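Working notes, beginning with the structure itself.
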């Protein structure tokens, strides 16, 4: 679909050329009419009573009007290009409020829904769009805040009964068949972990996490964590490769950076297949930690925590200054990259 600016520019150029075509056409036919019907007279200076009466012949009329048509066509192309250029500039100027509005909307995220769109010197039509967008943002902000607060309260309230159930199960372990007791403990542990992640996500998305930033050796942190995940990968008959470049220091909270890496590696083990590759280093754009693996043909969408891990990664990454998480799936592979700028 063509850009609206270009469509307006072309319509403007078409309108200009249509007006010029009508003008040239009227001029052309009127000139032919005048040359055919009107007579011209010429007197001789030495013989004033002598008058010459004449009219233009058809070939002369055709030659004059043909030359007029050629000149009109010769100037038509630059006039059309000029009309397109002027039309595009006018359309661009007219749609500057739309571009400004889009820039402001792109800057609004889950933690900045309190921001509002502000247009300066805009027409009444754009003012109406601004008011409707701000009303929509206000409703979204209110709904999102209520949802995150509800999620945090639910997760917080669930922690106490889960702890009590675990304690009661431990006390009754001698009266329960060992295999069943172990299975119940595993399920309780998984459920408790899921509740803790929900609580962490709600707190992060509300912006209520307090970070303790410090200089962290990215390579050292990854190598400290990777041994456990290499064992888990072997259990799944998969291979985990670590590629490290020059050591780099990044500003991060080690607790939450470990949580982010844990979620990325767990996501690769649960929802991927084949080799997992972890790259740590730096380039011209800054430090990075990249986890890549092939996407599973049929990912276990019903697994506990499915889809929650990457959401926590985005929330925690968004709290760290200069840290971005542009994860993307390309050609059957999923690449999750943490990048410091």
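Derivation of every value follows stated rules applied to the coordinates shown; laboratory data play no part. Quantities reported herein were computed from a predicted structural model and do not represent experimental measurements. Because the Cβ atoms are built from the backbone with ideal geometry, glycine has one as well, and the counts that use them run over all protein chains shown.
With contributions of -39500 (n - 2.57) from each DSSP H run of at least four residues, the per-residue ellipticity at 222 nm computed over the chain stands at -21500 deg cm²/dmol.
Taking the fewest neighbouring Cβ atoms within 10 Å as the starting point, the ordered list for 22, 195 is 22, 195. The mean sequence distance of close C-alpha pairs (under 8 Å, at least 6 residues apart), as a share of the length of the chain, puts its relative contact order at 11 percent. Length gained on full extension, residue 159 to residue 34, computed as 0.36 nm times the residue gap minus the Cα-Cα distance: 35.1 nm. Ranked from largest, the principal axis spans of the Cα set of segment 120-208 equal 77, 18, 16 Å. Output the Kirkwood hydrodynamic radius of segment 214-340, Cα pairs only, in Å rounded to one decimal. Averaging 1/r across every pair of different Cα atoms and inverting gives 14.8 Å. Here the extension length gained between residue 6 and residue 176 equals 53.7 nm, from 0.36 nm per residue of separation less the Cα-Cα distance.
Among 162-175, 6-19, 308-321, sorting by the average number of other beta carbon atoms lying within 10 angstrom of each residue, highest first, gives 308-321, 6-19, 162-175. Label-to-label distance for residue 308 and residue 258 is 2.0 nm, based on points extended 7 Å past Cα in the beta-carbon direction. Calculated over segment 91-243, the projected area of the Cα convex hull averaged across directions stands at 16.5 nm². Our analysis of the chain gives Rg over Rh at 1.36, with the two radii drawn from alpha carbon positions and Rh computed by the Kirkwood formula. When each of 215, 236 is scored by the number of other beta-carbon atoms lying within 10 Å, the sequence from fewest to most is 215, 236. Normalised by the number of residues in segment 127-236, what is the relative contact order in percent for Cα pairs under 8 Å and 6+ residues apart? Normalised by residue count, the contact order of segment 127-236 is 35 percent. In this calculation the C-beta distance from residue 210 to residue 96 is compared with R0 = 51 Å, giving a FRET efficiency of 0.80.
The distance between label points at residue 145 and residue 266 comes to 3.1 nm (points 7 Å beyond Cα on the Cα→Cβ vector). Taking the Kirkwood radius as Rh and the Cα radius of gyration as Rg, segment 218-263 has a ratio of Rg/Rh equal to 1.01. Between residue 62 and residue 166, residue separation times 0.36 nm minus the direct Cα-Cα distance comes to 27.0 nm.
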